[in-house]
Structure formats: structure tokens, C-alpha cells
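J.: Pasting a structure here, questions to come.
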Amino acid sequence: MNQSKTLKPSPTALLNPCVDPIFKILFTDESEEAHQALTCFLSDIFGKPVSDVTLQPNELSGESTSDKQSEFDINCVLEGKKINIEMQGLNHSKNFGNRIEYHAAHLLNHYVPKGTKWEDVPQVFQISVLNFFFDENEKNSLSHYTFKNENGRPVAERMHIIFMELPKIKALPDDISLLTPAQMWGKFFLDAPDKEKNAFIEELSNANRGIKMAVTVLKNISQDEINWYHESRYWMHVSDEKSMISSAFMEGQESKAIEDAKKLLADGKYTAEEISELLKIPVETFV
């Protein structure tokens with residue numbers, strides 16, 4: 001390909017793991033390094049060594065054509081546990097909790113076919129790396145949720161939701177001696193494409209074998225122009241969504257201003273021109 005037409009900003013540039021499709025490729029690439037990176041990532045999330053990680057199809061069907069479908073980023077099986085891992089950059093309409101509960105329930109339902117004995121129902125884990133705050137009042141950057149009663153007693157511990165909140169990790173110092181293995185991954189996701197953080201990424205690689213494997217994979221997939229296309233399309237999508245949200249907000253603000261203007265006009269204390277100047281909306285919108 002003609003270098004002048006490449007989307008890659010420089011010969012040594014690295015893709016951004018916080019971009020959803022890049023995050024997915026990072027752990028599902030057909031290489032031993034990617035498999036080891038995924039295994040080590042899960043080991044660090046669970047806080048213990050794991051093995052036998054096997055990738056599964058990412059699209060889960062519903063029970064009927066009218067059911068809401070689920071397409072996962074990284075769907076895998078680990079020692080009998082069913083796991084979906086995803087990177088999420090936006091909290092759509094502040095309803096991310098609803099979405100994740102649905103994903104976890106769908107994952108459980110999909111892997112419990114008719115006839116399964118209740119004692120054989122597997123544990124399912126929905127692991128989400130969030131590039132936004134889910135709960136700003138929760139100080140931990142890695143949070144584990146299960147169904148429990150008001151006294152903290154679990155129901156059956158079949159469904160698990162784990163959040164890694166990157167903004168909380170970003171605020172931590174770049175000192176590997178102060179970071180947990182899971183937090184090291186958060187730093188890697190955030191800083192890998194930043195040339196000014198190359199030395200720190202090397203420190204992380206030397207301290208965490210999984211991250212070392214992930215860096216190798218990231219360098220390899222960053223050579224493929226199609227992956228830069230995927231990253232470019234992602235940022236275009238994010239920009240479009242932000243524009244729509246901003247537009248909807250402005251429309252909402254204008255509707256409220258028009259409603260207020262009509263009330264002021266009905267009170268008779270101000271002229272239409274005075275209200276127009278006060279609320280910064282045209283007279284013809286409320287008269």
C-alpha cells in the first residue's frame with residue numbers, strides 16, 4: 001500500500017487498546033502471544049493463576065427472533081466458567097448497568113440448555129473494562145458484583161459482574177511498585193499508544209509477563225493497515241454519537257426555553273422582545 005495513503009500516523013505508532021475492535025483483536029489474534037496475554041489478563045483479574053482458556057463464538061442467539069441479541073467482544077470458557085470480556089468507552093444514556101445485567105443473564109441462559117441439572121449450572125462472568133466512571137463513590141478500580149441480600153449473603157454465586165474503571169487507574173501514579181497486576185493492565189490499555197509513555201510501558205512489560213505478550217501482539221497488529229481502518233471507524237462512530245447526544249441536549253434545552261417563554265408571556269410582566277433577549281430565543285418560537 002502507498003505509504004502516503006496509510007491511516008497509521010507514523011511507522012512506530014501503536015493502535016489504541018481502549019478502542020473496542022482493537023481490544024478484541026489484541027486478545028483473539030491467532031497467535032500464541034495473544035492466547036498467553038488473555039490467560040494472564042484473566043489470572044490478574046481473578047487474582048490467581050488460571051489455565052485452559054478457550055475462545056467461543058461471539059454472537060449468542062436469543063430464544064426467539066424477537067429477543068434482543070448479544071454480540072460479545074471476547075467470549076471464552078475458563079475451567080468450566082463462561083466469560084465475556086469487553087471494552088466500553090461510552091456509558092450510553094447512563095444505562096450501562098442495565099446492559100451488563102442483561103449480558104450476564106443472557107450468557108447464563110445461553111449456557112444452560114434444557115435438561116441441565118441445577119447443580120451443573122455454570123458460573124458466568126461479565127468482565128467490562130470501562131473508560132468512564134461507573135460508580136464514582138466506589139474507590140476501588142476493580143469491582144466485583146454478585147446477587148446478595150442486604151446482609152451480604154449470596155444467592156448462588158452463578159452470575160458475576162466485574163468492572164475495571166480506567167479513569168480511577170489513570171489517576172494512580174505511574175509507579176509499578178504501587179500497582180496491582182490488574183491495575184498494571186489498566187495502565188497498559190491507557191498508555192500503550194502514547195510515545196511519551198514508552199519507558200513506562202517497558203517497565204510494565206518487565207513486571208508483568210502478560211503485558212509483555214500483549215505489547216508483542218499490539219506491535220504486530222499495528223502493522224496491519226486494516227486495523228488502523230477499524231480504529232479510525234471507531235473514532236468516527238464515537239464522534240457521531242457525541243454529536244447526536246449534544247444535538248439532543250440542545251433540542252431539549254430549546255424546548256424548555258420555549259416553554260418558559262410562553263409562561264413569562266402569559267404572566268404579562270415582560271414583552272415578547274424582552275423575553276426573547278432574556279432567554280436567547282427568537283420571538284416567533286413562542287408567540
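J.: Modelled with pLDDT under 95, of a type outside the set (V, I, T), surrounded by 12 or more Cβ atoms within 10 Å (Cβ to Cβ) and within 19 Å of H230 (Cα to Cα): does that describe Q56? Walk me through how you get there before you give the answer.
T.: Values: modelled with pLDDT under 95: yes; of a type outside the set (V, I, T): yes; surrounded by 12 or more Cβ atoms within 10 Å (Cβ to Cβ): yes; within 19 Å of H230 (Cα to Cα): no.
Answer is no for this residue.
J.: Under the condition of being more than 27 Å from T146 (Cβ to Cβ) and polar (S, T, N, Q), which residue from the stretch 172-198 is surrounded by the fewest Cβ atoms within 10 Å (Cβ to Cβ)?
T.: Only one residue fits best here, namely S177.
J.: Looking only at the stretch 74-107, how many residues end up being part of a helix (DSSP H, G or I) and of a type outside the set (G, A, S)? Talk me through it step by step, then tell me what you get.
T.: Start the filter on the stretch 74-107 by keeping residues that are part of a helix (DSSP H, G or I), which leaves 92-94, 96-107.
Narrowing further to those that are of a type outside the set (G, A, S): 92, 94, 96, 98-103, 106-107.
Counting residues in the stretch 74-107 that are part of a helix (DSSP H, G or I) and of a type outside the set (G, A, S) gives 11.
J.: In the stretch 206-225, how many residues are open to solvent by less than 20 Å² (accessible area, probe 1.4 Å) and over 23 Å from the mean Cα position of the chain (by Cα)?
T.: Number satisfying all stated conditions: 0.
J.: Can you tell me which residue among I162, I169, I201 is open to solvent by less than 20 Å² (accessible area, probe 1.4 Å) and within 16 Å of A37 (Cβ to Cβ)?
T.: Residue meeting the stated conditions: I201.
J.: Taking the stretch 26-37 as the search range and keeping residues that are free of Cβ contacts under 8 Å to residues at least 40 places away in the same chain and in a helix (DSSP H, G or I), which one is most open to solvent (accessible area, probe 1.4 Å)?
T.: From the stretch 26-37, those free of Cβ contacts under 8 Å to residues at least 40 places away in the same chain are 30, 32, 35; that's our starting set.
Still in the running and in a helix (DSSP H, G or I): 32, 35.
Numbers: E32: 106, H35: 73 Å².
Residue satisfying both the conditions and the ranking: E32.
J.: Look through P49, P11, P17, P21 and report the one residue that is at negative phi, within 15 Å of the chain's Cα centre (by Cα) and part of a loop (DSSP other than H, G, I, E, B). Lay out the reasoning, then the answer.
T.: Numbers: P49 fails: within 15 Å of the chain's Cα centre (by Cα); P11 fails: within 15 Å of the chain's Cα centre (by Cα); P21 fails: part of a loop (DSSP other than H, G, I, E, B).
Only one candidate passes the filter, namely P17.
J.: OK, next. Just give me the residues in the stretch 14-25 being open to solvent by 10 Å² or more (accessible area, probe 1.4 Å) and aliphatic (A, V, I, L, M), in sequence order.
T.: Those that are open to solvent by 10 Å² or more (accessible area, probe 1.4 Å) and aliphatic (A, V, I, L, M): L14, I25.
J.: Anything in the stretch 112-159 that is open to solvent by 60 Å² or more (accessible area, probe 1.4 Å), touching a residue at least 24 places away in the same chain (Cβ under 8 Å) and of a type in the set (S, T, N, Q)? List them, or say none.
T.: Residues satisfying the conditions are N131, N140.
J.: What number of residues in the stretch 84-123 are among the aliphatic types (A, V, I, L, M), at pLDDT 90 or above and under 24 Å from L190 (Cβ atoms)?
T.: Of the residues in the stretch 84-123, 3 are among the aliphatic types (A, V, I, L, M), at pLDDT 90 or above and under 24 Å from L190 (Cβ atoms).
J.: Where in the stretch 110-186 are there strands (runs of 3 or more DSSP E), lying wholly inside it, with at least 2 residues that are under 21 Å from F200 (Cα atoms)?
T.: Hits in the stretch 110-186: 159-165.
J.: Given the condition over 27 Å from E165 (Cα atoms), part of a helix (DSSP H, G or I) and at pLDDT 80 or above, answer yes or no: does some residue in the stretch 199-216 qualify? Spell out how you get there, then give the answer.
T.: We begin by selecting, within the stretch 199-216, every residue over 27 Å from E165 (Cα atoms); these are none.
No - not one qualifying residue is present in the stretch 199-216.
The values are calculated or read from the model by the stated rules, or taken from the named source; none is laboratory data. Nothing here was measured: the structure is a model prediction, and the numbers come from that model. Cβ: placed from backbone, ideal geometry, glycine included. Neighbour counts: every protein chain shown. The protein model used for the area step is the full one, side chains on, heavy atoms only, and it has no ligands, DNA or RNA in it. Shrake-Rupley method; radii C 1.70, N 1.55, O 1.52, S 1.80 Å.
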